[in-house]
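Undergrad: Pasting in a structure now, in structure tokens, and then I'll have a few things to ask.
The values are calculated or read from the model by the stated rules, or taken from the named source; none is laboratory data. Quick caveat: nothing in here was measured; it's all calculated off a predicted structure. All Cβ positions, glycine included, derive from the backbone under ideal geometry; neighbour counts span all protein chains shown.
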Amino acid sequence: MSGGWVKKRFWSEVAVSTVDGGYGVTLDGRALKTPAKSPLIVPTEALAEMIAEEWRAQGEVIEPARLPATRAANSAIDKVRGQKAEVTEIIAAYGDSDLVCYRATAPEELVMREAEAWDPLIDWAAHRYGRRPLVREGVIHQPQPQALLRSFEAEVARLGAFELTAFHDLVAMSGSLIIGLAVLDRFAAPDALWLASRVDEDWQIAQWGSDPEAEALTQGRRDAFLQAARFYFAARRTG
């Protein structure tokens, strides 16, 4: 949101409305639109309420950083909806080199931490998709079975544009398609799955320490991961 972005708050009332195709959000009766001037219409009332709450919470000066659900909805409408096949392919490709499938060979404590955090995810994926992901030692790429990759891609392809937008962030922030899919399946709480994605980094921090810049970057990625989970479940149609 740049260029003609209005910095000062210009509305008093925020409301959710039922419209053709879903739900919209209005500011003093004026419907929100995306940066590309498309109507901001979302698939569920829960997601519209999430967006509306962001606008209600704004102060006298608008802070775009406090509008994450609005930004994600804009992306779903203006970008992902028209490029769904391409986005699906990009995300599904993570499955062939998934974080949880590549293991350290030493030291023993790190090997054990990875196994404790990631083996349950491998077991879950094997049960959920009918084929066990292959676990490797080291970082040299070795392909996963094509049947498993096709199952992963089919799962991603079934997502709608809003769900896919959230899922992209789940995978990109964690570096793992399997962790992202586990969030969608409610295998564990999103914060626990975020911690699973951080095993190697947390080990390094325990050995060598951290710094404020790295900590801020990590916190930002964590916030984006958890926000994406909230957005996904708000966007998902049930029943």
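Undergrad: Restricting to region 63-102, and then to whatever is outside any helix (DSSP H, G or I) and assigned by TED's automatic domain parsing to the domain that holds PHE231, can you tell me which residue is surrounded by the most Cβ atoms within 10 Å (Cβ to Cβ)? If you could, list the steps in order and put the result at the bottom.
TA: Residues of region 63-102 outside any helix (DSSP H, G or I): 63, 67, 98, 102.
Narrowing the set further to residues that are assigned by TED's automatic domain parsing to the domain that holds PHE231 leaves 98, 102.
Details: ASP98: 26, TYR102: 18.
Among those that are outside any helix (DSSP H, G or I) and assigned by TED's automatic domain parsing to the domain that holds PHE231, it is ASP98.
Undergrad: Pairs needed: first member in region 63-82, over 15 Å from HIS168 (Cβ atoms); second member anywhere, hydrophobic (A, V, I, L, M, F, W, C) and surrounded by fewer than 22 Cβ atoms within 10 Å (Cβ to Cβ); C-beta distance under 6 Å; at least 6 residues apart or different chains.
TA: Pairs that qualify, where the first residue is over 15 Å from HIS168 (Cβ atoms) and the partner is hydrophobic (A, V, I, L, M, F, W, C) and surrounded by fewer than 22 Cβ atoms within 10 Å (Cβ to Cβ), are PRO64/MET1.
Undergrad: Looking at region 103-121 only, could you name the residues that are part of a helix (DSSP H, G or I) and more than 20 Å from the chain's Cα centre (by Cα)? Steps first, answer last, please.
TA: Here is the first cut: in region 103-121, the ones part of a helix (DSSP H, G or I) are 108-121.
Matches in region 103-121: GLU108, GLU109, LEU110, VAL111, MET112, ARG113, GLU114, ALA115, GLU116, ASP119, PRO120.
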